[in-house]
Amino acid sequence: MAKVVLGVAVGVAVAACAVAALVVGRRVRTRRKWKRVVGVLKELEESCETTVGRLRQVVDAMAVEMHAGLASEGGSKLKMLLTFVDNLPSGFPILGQYSMIVGVPPVCYFGMVFEFLSCCNLAALSVSCSCILPWSEKGTFYGLDLGGTNFRVLRVELGGQRSSFDRDVAQQAIPPRLMTGRSEDLFDFIASSLQHLVEKGNDSEQSPIIKELGFTFSFPVKQTSVSSGILIKWTKGFAITDMVGKEVAGVLQQTLARKGLNMQVAVLVNNTVGTLALGHYHDADTVAAVIIGTGTNACYWERTDAIIKCQGLLTTSGGMVVNMEWGNFWSSHMPRTSYDIELDAESPNPNDQGFEKMISGMYLGDIVRRVILRMSQESDVFGPVFSSLSVPFALGYASMTPLMAAMHEDDSPELTKVARILKDDLKIFP
């Protein structure tokens, strides 16, 4: 998995910078200055070089950290967190063959549904559609997904075994002020979004029937049960200090009560667990899941007898899903460049989440910004530099990454999309 991730990160960053340099190459006034620009890109390419041997060293280092994290709390850069999910769904609904795990509540599958919607590019919309799922439960269930720059809320109407279910999904961008403010403000925003979906449907907030709620919360949490867990720390640009050390589901439950929503948080899971559930549902041989989005993380199925720090832990299946929290992984064998070092030092959480800062959408765009800035400092290739290009994260944590991807995909003869992005978004006039 590390091989794929490192290769993607290096390839996208180098390609985007090379395209940006190419489109404005005509501005260079002397051959000597152009050589300086080429030298910047060559230096980056060499710094990012990852030979097969080096990649194997990274894999070996991660394996060591995994074993250490399973052996003791705090013994590794990888937290290797227990999820208390000891069964996974299996079966493919379209084929009409069903095999569900007894005792897993419907809301446990909300993470799986969220990932399905993401794969279908439906999560960005408010949609209503239906498909077939195998459980026999009936009623209305809700799900929340908080894991990055966006927040999603889901309502599912279950009609019983082999019947269709209706779902309604809405997505909202999280205002930056809520990512660094008070926990009360963030959870009020979450509850208000949920309340809006309730009011939009036929459900009554004052219904005597308690609705079950699934919460996908994609930050490091020490789970105490399948429905509760304590926040260890924030990642992906969040820094709400008064929330660290609190029980996540409990804080949400209090907010729901304050809003008059008659709901019970029935499950708390990481988004990697939802992804693994989706993969296992389609293919029972699936044992691991990887997220590469705003941040990055992975989880996998582990034998309980291998989780040494929890000796005596018993599950009906003999195993449990382990949340690696591999965004915090680090090894001296990883190709860390001067741009990575500068970004880390100027981030809100220096010396933390090193792996995540090298490959995830939250940070890759700013790496490109730093390379473009260095190119402009070495030469007049971009003309006068717009002030925001010199300020760390001035263009927003994640806003630069989609622009980088768009530049990378531009295959027009005149690189018109690259020119437009440089002009409109980076204020560079080629």
statement: Rounded to the nearest 0.05, FRET efficiency between D188 and V64 (Cβ-Cβ, R0 60 Å) equals 0.90
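Going by average Cβ density within 10 Å per residue, which order do the peptides 303-315, 47-59 take, highest to lowest?
47-59, 303-315
Might you report the magnitude of the Cβ-based charge dipole of segment 191-330 about its Cα centre, with Lys and Arg at +1 and Asp and Glu at -1, to the nearest 20 debye? Don't skip to the answer; put the middle values down first.
Numbers: 10 positive and 11 negative charges, 78 e Å.
About 380 debye.
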query: How big is the gap, in Å, between the Cα center of segment 304-372 and the Cα center of segment 56-91?
result: 12
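Any of K77/K246; K357/K417; K42/K357; K233/K259 with alpha carbons more than 24 Å apart? Name them for me.
On the way: K77/K246 22 Å; K357/K417 27 Å; K42/K357 22 Å; K233/K259 26 Å.
Among K77/K246; K357/K417; K42/K357; K233/K259, the Cα-Cα distance tops 24 Å for K357/K417; K233/K259.
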task: Beta carbons within 10 angstrom, averaged per residue: use that to sort the peptides 142-149, 81-88, highest first.
output: 142-149, 81-88
message: Using a 7 Å offset from the Cα along the Cα-to-Cβ direction at both Q254 and E46, what is the distance between the two label points in nm, to one decimal?
response: 5.6
message: In segment 260-347, if the dipole is taken from +1 on Lys/Arg beta carbons and -1 on Asp/Glu beta carbons about the Cα centre, which of G318, T296, S332 is farthest to the positive end?
response: G318
query: About its Cα centre, how strong a charge dipole does segment 208-269 have in debye, to the nearest 20, once Lys and Arg get +1 and Asp and Glu get -1 at the Cβ?
result: 100
Pairwise label distance in nanometres, Q377 with S390, each label 7 Å out on the Cα-Cβ vector: 1.0
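I need the calculated FRET efficiency for the pair I230 and V38, taking r as the beta carbon distance and R₀ as 41 Å, to the nearest 0.05. If you can, show how the numbers build up before the last one.
Values: r = 51 Å, r/R0 = 1.24.
Here the calculated transfer efficiency is 0.20.
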field: Partners for K33 among aspartates and glutamates (Cα-Cα distance below 15 Å; same-chain residues under 8 apart left out)
entry: E378, D380
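Values in this text are rule-based calculations from the coordinates and carry no lab data. Computed from a prediction, not measured in an experiment: that's the story for all the values here. Virtual Cβ from ideal backbone geometry, glycine too; neighbours counted across all protein chains shown.
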